[in-house]
Amino acid sequence: QSFKLLGFLDVKSVPCARESVLYGSLGSFVVGLGHFLATSRVRRSCDFAVGGFICTMLGYWFYCRYNLAQHRIQQRMVKEGMRNRILFEGSSLDPEGKQTGNERSN
């Protein structure tokens, strides 16, 4: 069962969407409650809570997507390195196979 936020954002299949909504709701609660305790104004605290939700959700969304992109780049580099290692192992292009004269005599 998938859950669609605002009718188009499928929280189950989109990376980082679930965590962003959860952190956004936590940020909303903290900001709204903090503002209410400081001022005792209910309507204004609700406005701050909505703003806190949007800011926290978007902030965590961009943070998570950036980390996801970095992780995918690292995975791609490791995968390519492993493929090159398999291709070049034992050939004249193998960087570990090239040894100097001193290393061969030992």
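The values are calculated or read from the model by the stated rules, or taken from the named source; none is laboratory data. It should be emphasised that the depicted structure is a prediction, and the values quoted were computed from it without experimental measurement. Virtual Cβ from ideal backbone geometry, glycine too; neighbours counted across all protein chains shown. Please note that ligands, DNA and RNA were not included when accessible areas were found on the heavy atoms of the full protein model with its side chains. Shrake-Rupley method; radii C 1.70, N 1.55, O 1.52, S 1.80 Å.
Scan region 39-56 for residues that are open to solvent by 80 Å² or more (accessible area, probe 1.4 Å), farther than 9 Å from Gly24 by Cα and of a type in the set (A, V, I, L, M, F, W, C) and jot them down.
Once the filter is applied, which keeps residues that are open to solvent by 80 Å² or more (accessible area, probe 1.4 Å), farther than 9 Å from Gly24 by Cα and of a type in the set (A, V, I, L, M, F, W, C), region 39-56 yields Val42, Phe48, Val50.
Here's the yes/no breakdown for (1) under 30 Å from Val30 (Cα atoms); (2) surrounded by 10 or more Cβ atoms within 10 Å (Cβ to Cβ); (3) aliphatic (A, V, I, L, M):
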{"residue": "Leu58", "(1), (2), (3)": "yes, yes, yes"}
{"residue": "Trp61", "(1), (2), (3)": "yes, yes, no"}
{"residue": "Asn67", "(1), (2), (3)": "yes, yes, no"}
{"residue": "Met77", "(1), (2), (3)": "no, yes, yes"}
{"residue": "Glu80", "(1), (2), (3)": "no, yes, no"}
{"residue": "Asn84", "(1), (2), (3)": "no, yes, no"}
{"residue": "Phe88", "(1), (2), (3)": "no, yes, no"}
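Of all residues in region 28-66, which are out of contact with any Ser or Thr (no Cβ under 9 Å at 6 or more places or on another chain) and of a type in the set (S, T, N, Q)?
Ser40
In region 33-71, which residues are of a type in the set (Ser, Thr, Tyr) and under 26 Å from Cys16 (Cβ atoms)?
Matches in region 33-71: Thr56, Tyr60, Tyr63, Tyr66.
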